[in-house]
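What follows is a single structure, written as structure tokens, with notes after it.
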Amino acid sequence: MGIDGDASGPPRRQFGEEGGRLSYGGYLCLPELLAQQQPQSQAPDELLFITIHQVYELWFKLLLHELESAREAMFEGELWKARHLFKRVHAVERVLIEQVEVLETMTPQDFMEFRAKLAPASGFQSVQFRELEFLSGLRDERYLGSFRHVSEEELARLRRRLAEPTLWDAYLTALSRRGLPVSDDEIMASLLAVARNRGSYDDLWQLAEDLLTHDETAALWRMRHVQMVERQIGTKSGTGGSTGAPYLRGRTRLHYFPLLWELRAWL
């Protein structure tokens, strides 16, 4: 029967007509997912705190997946695919920034009701966040010593990220495929050639802009995050033992792709 119920068109498929047993809750593993929020106190806002940070970790998981795919696309010369994936990455990163506003509905007094329960846990210990930094180019082996409470599997993931190619390595491969030299002494000249000859290299220029947007939105998230921390705890040290806001503010000046920022001074 057709859409209007007549016999003039093909039969309309009915969802579930194959007799499947998969449900919405089953597909998303909702019973297991919703059982993971386990407050350590009776403070009303602890559920908010846990939920926000778990959602961050889910976004981090997706970002790692998309950035790995974008890296592979650059290595394979599929720049259109890498650019498509970066659009998704940028959209997710904007959500990360906006989520801070939800956390800021919690007052400092609300946070102090359960903050002592968190020590020594800290966002500083997020393995996936460090993976994102390592993959993006901020590789620092010293961080491995900060993860004393993680599993061997998580440490192995971090070591793998330190050893594997970064997004910048993949971009250099894309430049090299187009005959542009990428040695330390020649890379700035190649970036300038791309910037000054958009007719021949516009896809490489646009991809560089995608990398820069990834860098910029990560910096905006760091800045938004430190402002939230200062609003919540002022100059108190972090629950994981860091200096808190001063440590976070120092990281707002970091760049994944410093040569792309330096390039502006040469144009």
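Structure notes:
- Per the Debye formula on identical point scatterers at the alpha carbon atoms of the chain, with no solvent, log10 I(q)/I(0) at q = 0.08, 0.09 Å⁻¹ is -0.45, -0.56.
- Using R0 = 22 Å, the C-beta based FRET efficiency linking S126 and T173 works out to 0.15.
- For region 125-247, the alpha-carbon coordinates run over 52, 35, 22 Å along the three principal axes, in decreasing order.
- As a length-normalised measure over Cα pairs under 8 Å and 6 or more apart, the relative contact order of the chain settles at 21 percent.
- Across all Cα atoms of region 17-161, the radius of gyration (one decimal) and Dmax (whole number) stand at 18.4, 56 Å.
- Proximal charge balance of E113 [Cβ under 14 Å; K/R count +1, D/E count -1]: -1
- Packing around the peptides 42-50, 147-155, 23-31, taken as the average count of other Cβ atoms within 10 Å per residue, puts them in this order, highest first: 42-50, 147-155, 23-31.
- In angstrom, the C-alpha Rg and Dmax of region 49-98 are 12.5, 42.
- Computed over protein heavy atoms with a 1.4 Å probe, the accessible surface of the chain works out to 57 Å² per residue.
- Mean ellipticity per residue at 222 nm, deg cm²/dmol - from DSSP H runs of n ≥ 4 across the chain, formula -39500 (n - 2.57): -19500 deg cm²/dmol
- Once the chain from Q42 to M223 is taken as fully extended at 0.36 nm per residue, the excess over their C-alpha distance is 62.1 nm.
- Fully extending the segment from I50 to M112, taken as 0.36 nm per residue of separation minus the present Cα-Cα distance, adds 20.9 nm.
- Residue ranking by accessible heavy-atom surface, 1.4 Å probe, largest first, among R130, R157 comes out as R157, R130.
- Distance cut-off 22 Å, percentage of C-alpha pairs in region 80-160 lying past it: 48 percent
- Rounded to two decimals, the Cα-based Rg/Rh of region 144-184, with Kirkwood Rh, is 1.26.
- Gain on full stretching of the segment that runs from D203 to R231 - 0.36 nm per residue minus C-alpha separation: 5.9 nm
- The listed residues E57, E133, once ranked by accessible area (1.4 Å probe) with the largest placed first, stand as E57, E133.
The values are calculated or read from the model by the stated rules, or taken from the named source; none is laboratory data. This structure is a prediction, so every number in the text was calculated from the model and none was measured. Methodologically, a virtual Cβ is constructed for each residue, glycine included, from the backbone with ideal geometry; neighbour enumeration extends over all protein chains shown. Note: accessible area is taken over every heavy atom of the protein model, side chains too, but ligands, DNA and RNA are not part of it. Shrake-Rupley method; radii C 1.70, N 1.55, O 1.52, S 1.80 Å.
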